[in-house]
1. Tell me which residues, restricted to segment B:2-32, are in contact (Cβ under 8 Å) with a residue 40 or more places away in the chain and in a loop (DSSP other than H, G, I, E, B).
2. Tell me, yes or no, whether segment A:86-107 has at least one residue that is in contact with a Ser or Thr (Cβ under 8 Å, 6 or more places away or on another chain), within 14 Å of chain B (Cβ to nearest Cβ), under 30 Å from A:Glu34 (Cβ atoms) and without any contact (Cβ under 8 Å) to a residue 40 or more places away in the chain.
3. Just to be sure before I move on: is B:Lys243 among the charged types (D, E, K, R), within 14 Å of another protein chain (Cβ to nearest Cβ) and closer than 30 Å to B:Val98 by Cβ in the structure I sent?
4. Looking only at segment B:104-118, count every residue that is over 30 Å from A:Lys88 (Cα atoms) and either open to solvent by 10 Å² or more (accessible area, probe 1.4 Å) or over 21 Å from the mean Cα position of the chain (by Cα) (or both) and tell me the total.
5. Please specify each residue of segment A:157-204 satisfying the condition of being touching a Phe, Trp or Tyr at 6+ places or on another chain (Cβ under 7 Å), of a type in the set (A, V, I, L, M, F, W, C) and open to solvent by less than 30 Å² (accessible area, probe 1.4 Å).
6. What tally of residues in segment A:29-46 results from selecting those that are open to solvent by 10 Å² or more (accessible area, probe 1.4 Å), of a type in the set (A, V, I, L, M) and in contact with a helix residue (DSSP H, G or I) (Cβ under 7 Å, 6 or more places away or on another chain)?
7. Exactly one condition in (1) within 14 Å of chain A (Cβ to nearest Cβ); (2) in a loop (DSSP other than H, G, I, E, B); (3) of a type in the set (Val, Ile, Thr) is not met by B:Ile72; state its number.
8. Give just the number: which of (1) at pLDDT below 95; (2) open to solvent by 50 Å² or more (accessible area, probe 1.4 Å) does B:His3 not satisfy?
There are 2 protein chains.
Amino acid sequence: MEHKNTLLTLAYDGTDYFGWQRQEGVKTIQEELEKALSKLLKKEVNIRGASRTDAGVHAFCQLAILKEPHTIPINRLALAINSALDTKDIVVKDAILVNDSFHPQNSVYKKSYSYNIYNAPFQNPLCSRYSHFVHKPLDIEKMRQASKEFIGTYDFKAFCASKSMAKTTVRTIYSLDIEQKDELISINITGNGFLYNMVRIIAGTLIDVGLSKKKKEDIKEIIFSKDRQRAGKTSPACGLILKNIYYNLD
Amino acid sequence: MEHKNTLLTLAYDGTDYFGWQRQEGVKTIQEELEKALSKLLKKEVNIRGASRTDAGVHAFCQLAILKEPHTIPINRLALAINSALDTKDIVVKDAILVNDSFHPQNSVYKKSYSYNIYNAPFQNPLCSRYSHFVHKPLDIEKMRQASKEFIGTYDFKAFCASKSMAKTTVRTIYSLDIEQKDELISINITGNGFLYNMVRIIAGTLIDVGLSKKKKEDIKEIIFSKDRQRAGKTSPACGLILKNIYYNLD
């Protein structure tokens, strides 16, 4: 039986990659996957991702659509691609069939990211690949209070890198909570979509709050200013993990 | 002021190393640290570790003693060594002065290890450096019950690799508990000392229990048999983390 429109769910360690999207002369997740699929299906294969993660960003749950028809049994496809991959940095976790109307961007209605911070006097080499190291003590309670100020529908232009091409900078954040386990702090954020570098700038702003450089009361003011200069720094890519992508199948 | 007998606390990602102990022709943690210290103190420096971790094993808290006299202020030493290290895989977290009687093995009275298992249908590339992947579902409750059977003072010969040189195979396990967070399972074990591969063989045995290949009732029988063949496999090094070393300062 021939299958077309296959939706792949995948996880990756982005440390050694120039992000998701294929680019000339650098190693990307998309290219590695396309190489594996081309080997498997014995023809040139292109896929399309639901989210363009940046260089060094990780994913626990990225989506990619494969439009190329194939005859590999769908319940064997993830394992077959994993065997064809030249790296252990990328793992296909699931493959399902979707119909023609499925679009990797338009069918998505919600995304979740986590931003990990390792907060201790010294770096932990067992955490450094997947977290941003902050050696000054962070006041988590202050960060928790400030985080609630982001929830809602706002123009998040102040939290968007200038090179963004987005048509509108209005986004809705559904939830933002901060989890702590020993020295590891995770900022968990869910929204209907995120602007370029938005999660990393929110993380940088919340770190400023944790260091008492900014106050909870500043957050709304920064949002309403629409001024990128008022928000915190863009926190490093290594701390960012694309956690989940929610989509409609019809 | 000249200092001697400095005790270093360090963490490392052991993935790319042939273990702690210096060996001809391979990269080891001890050698990397000695290289950094030699550069810093401008003379050949030797250190001695409290625990010989195997190839691929990690440490959150290893101890090493530096007997070479030096004049670096003790509260600046950890940072100075970290700057001199050629790698980010190793971090010195603390340095304190100890007296002549301190011995990196004899002064230690308790050690803790964690053994991490990632239990899901597919591997997670964000966990694979620091956990052993088991794709068949594990029954954690059975593992928890069986884990209690190890607590106490026993001859653990059945849980010791044959190439061990230990004078006695009697050890005391003070605690063994199993933590679960989503797909990640951690076996946390504390004892007065551990035989060669002991934690990894206990982990392999508990995995057998989780897979219903062994029962809680088998554990004591295996211990009393003193027969290595009766215990489970030696689980891979990547899952093992030396968590803590407890010592007396007098």
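The values are calculated or read from the model by the stated rules, or taken from the named source; none is laboratory data. This structure is a prediction, so every number in the text was calculated from the model and none was measured. With ideal geometry, Cβ positions are generated from the backbone for all residues, glycine too; neighbour counts draw on all protein chains shown. We work out accessible area using only protein heavy atoms, side chains counted, and drop any ligands, DNA or RNA first. Shrake-Rupley method; radii C 1.70, N 1.55, O 1.52, S 1.80 Å.
1. B:Glu2, B:Lys4, B:Asn5, B:Asp13, B:Gly14, B:Thr15, B:Asp16, B:Tyr17, B:Trp20, listed by residue number.
2. yes
3. On the way: among the charged types (D, E, K, R): yes; within 14 Å of another protein chain (Cβ to nearest Cβ): yes; closer than 30 Å to B:Val98 by Cβ: yes.
When the stated conditions are applied, B:Lys243 passes them.
4. Residues flagged as over 30 Å from A:Lys88 (Cα atoms) and either open to solvent by 10 Å² or more (accessible area, probe 1.4 Å) or over 21 Å from the mean Cα position of the chain (by Cα) (or both) within segment B:104-118 amount to 7.
5. Matches in segment A:157-204: A:Cys160, A:Ala161, A:Ile173, A:Leu176, A:Ile187, A:Ile189, A:Leu195, A:Met198, A:Val199, A:Ile201, A:Ile202, A:Ala203.
6. Final tally of qualifying residues: 1.
7. (1)
8. Checking B:His3 against (1) at pLDDT below 95; (2) open to solvent by 50 Å² or more (accessible area, probe 1.4 Å), the one that fails is (2).
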